[in-house]
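Student: Sending over a structure as structure tokens; questions will come in a sec.
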Amino acid sequence: MLVRNVVRATLAGTLTLVALLGGQAVAAPADSPRAAAPRVLTYDSSGSAEFADAVDAGVQVWNESVTSVRLEKAGSGEQANVRIVADDGWPRAVTTSLGNGTVYFGREAVQQGYDTTRIASHELGHILGLPDMKPGPCSSLMSGSSAGVSCTNPNPDAAEKAEVEDNFGSGAAGAADRQGTLVFQD
């Protein structure tokens, strides 16, 4: 009887080892953690006038750069998290909380020669919780105007991406910690 139990245990162990070494696919347990769905923020660019294409390009930059948050156009009659409007001043963002606020797409910077997609991406970075990093190199999106008019890089660097992922990675609980109005005058 003891010999039979030892043989069974050895055979079971051998079969398990063969299955593992043979590349056998094994399903993950049902209770394994899954990647959280991104937090969706809606935006209304109906007031962005001649900068609508630049806004869409800036949104695309962020949607391709991070996974914890996604920007989508607000539906008709839907209250948007982010409102984007064109004005004659300098670009700026006014946040009411993480992921919520107004971007003023100022024509003054465009008239001075700054790239419109970089402006849109930079200002959306403020909405996503990033501060200005001035002075800074062109490789840093949040260096803003300090990188000069020749800088057309609309992409966040690795640290900027990581900060946004951290800001939204904890979901609604993380967002609740960042309440209050902030004005980022670029």
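The values are calculated or read from the model by the stated rules, or taken from the named source; none is laboratory data. Worth saying up front: this structure is predicted, and the values here are computed from it rather than measured. Counting neighbours? That spans all protein chains shown, and the Cβs are built from the backbone with ideal geometry, glycine included. Accessible surface areas use protein heavy atoms only, side chains included; no ligands, DNA or RNA. Shrake-Rupley method; radii C 1.70, N 1.55, O 1.52, S 1.80 Å.
Student: Given the conditions (1) open to solvent by 50 Å² or more (accessible area, probe 1.4 Å); (2) farther than 25 Å from ALA37 by Cα, and given that ALA86 satisfies all but one, which numbered condition is not satisfied?
Tutor: The number of the failed condition is (1).
Residue by residue, here is whether (1) surrounded by 20 or more Cβ atoms within 10 Å (Cβ to Cβ); (2) farther than 20 Å from GLU72 by Cα; (3) β-branched (Val, Ile, Thr); (4) without any contact (Cβ under 8 Å) to a residue 24 or more places away in the chain holds:
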site: THR96; (1), (2), (3), (4): no, no, yes, no
site: ASN100; (1), (2), (3), (4): no, no, no, no
site: LEU124; (1), (2), (3), (4): yes, no, no, no
site: ILE127; (1), (2), (3), (4): yes, no, yes, no
site: CYS138; (1), (2), (3), (4): no, yes, no, yes
site: PRO156; (1), (2), (3), (4): yes, no, no, no
site: GLU165; (1), (2), (3), (4): no, no, no, no
site: GLY169; (1), (2), (3), (4): no, no, no, no
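Student: Return the residues of the stretch 39-53 that are over 11 Å from ASP87 (Cα atoms) and crowded, with 21+ Cβ neighbours inside 10 Å; say none if nothing qualifies.
Tutor: Hits for the stretch 39-53 are LEU41, TYR43, SER45.
Student: Go through the stretch 37-62 residue by residue and tally those that are closer than 19 Å to GLY169 by Cα and among the small types (Gly, Ala, Ser).
Tutor: So the answer is 1.
Student: A follow-up question, please. Of all strands (runs of 3 or more DSSP E) completely enclosed by the stretch 37-131, which ones contain at least 2 residues that are basic (Lys, Arg)?
Tutor: Answer list for the stretch 37-131: 69-73.
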